[in-house]
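The values are calculated or read from the model by the stated rules, or taken from the named source; none is laboratory data. Computed from a predicted structure; not experimentally measured. Here the Cβ positions follow ideal geometry from the backbone for every residue, glycine too, while neighbour counts run over all protein chains shown.
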Amino acid sequence: MKTQNHRVDIHYHIIPEPYVQALTNRGITGSTFVKFPKWTPEKALKQMDGNLVETAITSLSTPGVWFGDSDLARRLSRECNEFQAQMMADQPGRFRSLAFLPLPDVDGALAELEYALDDLEHDGVVLLTDTDGQYLGHPDYEELFAELNHRGSVVFIHPHNDPRQSRRYGLFSPLLEWPIHTTRAVMDLLYTGRLARYPNIRYVLAHGGGTLPILAHRIVAGFEHQKGGGASDQRMEPSGEMGVQDAYHLLQRLFYDTAGPGEAHLAALQEFVGPSQVVFGTDGGWTPPVQTAQTIKEVLAYDGFDDRQLLGIERGNAIDLFPRLGKNLNPNEPSKRTGS
């Protein structure tokens, strides 16, 4: 028997028709091996109701907006962010959103950040792990991260392959390369010192952080030897005299979503960060309903979380993370271990 909608899905993707048409005109018909699905906000609401999701925090995903043209990237970012703002206005309480920025165009990204957060009232930003070969620790992005830190922004990190890689690797891109991309992006932030320099940024990692929960010990073990040499091969001085334990604690401060990990990954997250740093996500929009339902089933079936911890994962942790949610949602709404 189903209970009422109560979940907050922090990992739900929009695929607006104008965006699809703009990319199709450039010969891009999907992401990796998946064609653009026929998606509308109305279909999103139906899927949310089926998954007992009260509020979805939406975001644009890969293939993103950067195809070597700054004007196009700025236009697509603006159109998608305004599209999400209209969704919030049309369905208050059902949709919140994360802004997309036209990186690697930093000036454009700063302008869009100000507009999206101040005028459109988005709840944070989504950043792809890498764009045009530049990971998130790249020196060009320093001013952007300083501003995100000043604002105390939520930054949702999502993996990405450009269309050239997708054609080369096909199915391997989302299944194998994406978890590695997420780990590499966080490692880049850690090793360049950016993760330590800007402690007010609240990061959420897609797909349970990829391979990071498994490789965290290995990553921090090399930190003492490689401080200042990021994965982007750009040398920067880390903040202060951080040691291995400091680096490990930085990774434990991040948030990790439930989109697709499975039982073994959930167990790794519980050991690595604990349930307070886990947030509910389905990867809806791009992911077929049968797959999002399986994700939810695995979260509910995992017996490592007690009912109070599960409630935090399903909604309470997200409400703490996104202040505007707390204005409309009760973090203590009862949850039951029912199917989706």
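Numerical summary
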quantity: Elements of type helices (runs of 4 or more DSSP H) in the range 223-282, at least 1 residues being modelled with pLDDT under 65 and surrounded by 13 or more Cβ atoms within 10 Å (Cβ to Cβ); calculated: 223-226
quantity: Some residue of the range 164-178 being buried (at least 21 other Cβ atoms within 10 Å of the Cβ), at pLDDT 90 or above and of a type outside the set (A, V, I, L, M, F, W, C); calculated: no
quantity: Hits in the range 59-94 - residues which are part of a helix (DSSP H, G or I) and farther than 21 Å from SER31 by Cα; calculated: ASP71, GLU82, ALA85, GLN86, MET87, MET88, ALA89, ASP90
quantity: Residue identified as more than 21 Å from LEU329 (Cβ to Cβ) and surrounded by 22 or more Cβ atoms within 10 Å (Cβ to Cβ) among SER59, SER97, SER77; calculated: SER77
quantity: Any hit, the range 17-28, residues being buried (at least 16 other Cβ atoms within 10 Å of the Cβ), assigned to a helix (DSSP H, G or I) and out of contact with any helix residue (DSSP H, G or I) (no Cβ under 9 Å at 6 or more places or on another chain); calculated: yes
quantity: Candidate set: the range 115-145, residues that are modelled with pLDDT of 95 or more, of a type in the set (Asp, Glu) and not in a helix (DSSP H, G or I); chosen: the one surrounded by the most Cβ atoms within 10 Å (Cβ to Cβ); calculated: ASP123
quantity: Residue ID - nearest to GLU42 (Cα to Cα), chosen from residues in the range 84-128 that are acidic (Asp, Glu) and touching a helix residue (DSSP H, G or I) at 6+ places or on another chain (Cβ under 8 Å); calculated: ASP90
quantity: Qualifying residue in the range 51-58 (condition: closer than 29 Å to ILE296 by Cα, part of a helix (DSSP H, G or I), within 22 Å of the chain's Cα centre (by Cα) and not hydrophobic (A, V, I, L, M, F, W, C)); calculated: no
